[in-house]
Amino acid sequence: MYVRTCLLVSLLFVLLAAAPHRDSKQDAQIERLVAKLGSEDFDEREEAGERLAKLGEKAIPALLEATKSQDLEVRRRAARLLVPLQRQVEEREVARLTAEIGKVGMSEFVRLTVSDEKYATKERWLTLKRLTAAAAARASAEGKKKFEAPALEADLTVVRKKRGEKPEKSWVRSRLLLDGDTPSFTMLSGCVVLSRGSLEHVTSISKCVLFIDGDVKATSIDDCVIVCSGSVQATGIRGSVVLCLGKGLRAAALDDNFIEASGGARCNGSIDNVFLNMDRIRSTSSRGDVYFESDKGLKPLFPFDAQKKK
């Protein structure tokens, strides 16, 4: 709840910046309705909640303030009213960010970010951060279990490697911008990686966010968010959110992941995974896996091809 409230607060600034001038009379009305959430009369509390719900996003600032009220009933009802409003604000902001990516397509976005320092602005890094958080939130909502995005820290060291340059074998807490296929890494930990080409082999990837226009091959992948245009191959994948649009996903072991793979998935052992918009995977053993279909998966968040203007 804390993380979602923080996200709502950040999105609220976007909402208020774009909003028309405040209506003092309406603000006063909202304050009176919020106060009635703690009324001793049950019907009055219910009516106040219904009227605040109808006011929609205009009531968000007052409801956020009400979550800090000393009155338990006011706090409880304000928090409950914020849930659908929060979702509404989040979805609109995510749609805006996705449309921004869609102007060029994810492949071109990665290419430009990797090759052009002027294109890789703070605002575009923030877009990736918000979409990564949205991917984890969508995986949690659709999969009915908690998935978290690795923290994208603001002070990560930026490393830009041109085609043909060989990066060091191990990286921790870095932004890696790779132009072309990368032969191998020993370890990636706490990194954000944008690559205009495949990661040919990484021994260990943990708590990373990967945007790869190509394939990903690794020994172990733990607690990551991976978006790639190609396939994913690993010995083991655990606790990760994975979107692969290529030939599919192959692993020896899958444990507690959210996976959307256009080319299907194959593994030896699968435990407690959520598979979205996929046929039943080919697995030697499977326990606790869930399959479902939804148009609110990961694909719409990351359009690899530029969206045509209507």
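Per residue, the chain reaches -12000 deg cm²/dmol at 222 nm when only DSSP H runs of four or more residues are counted, each adding -39500 (n - 2.57). For the stretch 239-245, 3J(HN,Hα) computed residue by residue from phi via the Karplus equation (6.51, -1.76, 1.60; θ = phi - 60°) reads x, 10, 10, 10, 10, 10, 9 Hz, glycine and proline entered as x.
The residue among L55, G264, V159 whose Cα reaches farthest toward the positive pole of the charge dipole of the chain, with charges on the beta-carbon of Lys, Arg, Asp and Glu, is V159.
Helices in the chain that qualify as membrane-span-like (whole DSSP H runs, Cα extent of at least 30 Å along the helix axis, mean Kyte-Doolittle hydropathy of -1.0 or higher) are 72-102, 122-143.
Only one residue of A251, L178, C228 has its Cα farthest out toward the positive end of the dipole of the stretch 143-301, where Lys and Arg carry +1 and Asp and Glu -1 on Cβ, and that residue is L178.
Give me the compactness ratio for the chain, meaning the Cα radius of gyration over 2.2 N^0.38 Å. Before the final figure, lay out the partial values.
Numbers: Rg = 22.0 Å, N = 310, 2.2 N^0.38 = 19.5 Å.
Ratio of Rg to 2.2 N^0.38 Å for the chain: 1.13.
Averaged over residues, the count of other Cβ atoms within 10 Å places the peptides 110-120, 238-248 in the sequence 238-248, 110-120, highest first. For a test of the definition: using alpha carbon positions, the gyration tensor, and the 1.5 limit on a/c, classify the stretch 107-156 as rounded, prolate or oblate. Prolate is the answer for the stretch 107-156, as a/c is 1.5 or above and a/b outweighs b/c. As a calculated quantity, the FRET efficiency between R75 and R173 at R0 = 51 Å, using C-beta atoms, amounts to about 0.85.
Here the stretch 115-170 and the stretch 236-310 have alpha carbon centers that stand 20 Å from each other.
Values quoted throughout were computed directly from the atomic coordinates according to the rules given, and no laboratory measurement underlies them. Source: prediction; values computed, not measured. Don't worry about glycine lacking a Cβ; one is built from the backbone with ideal geometry, like all the others, and counts go over all protein chains shown.
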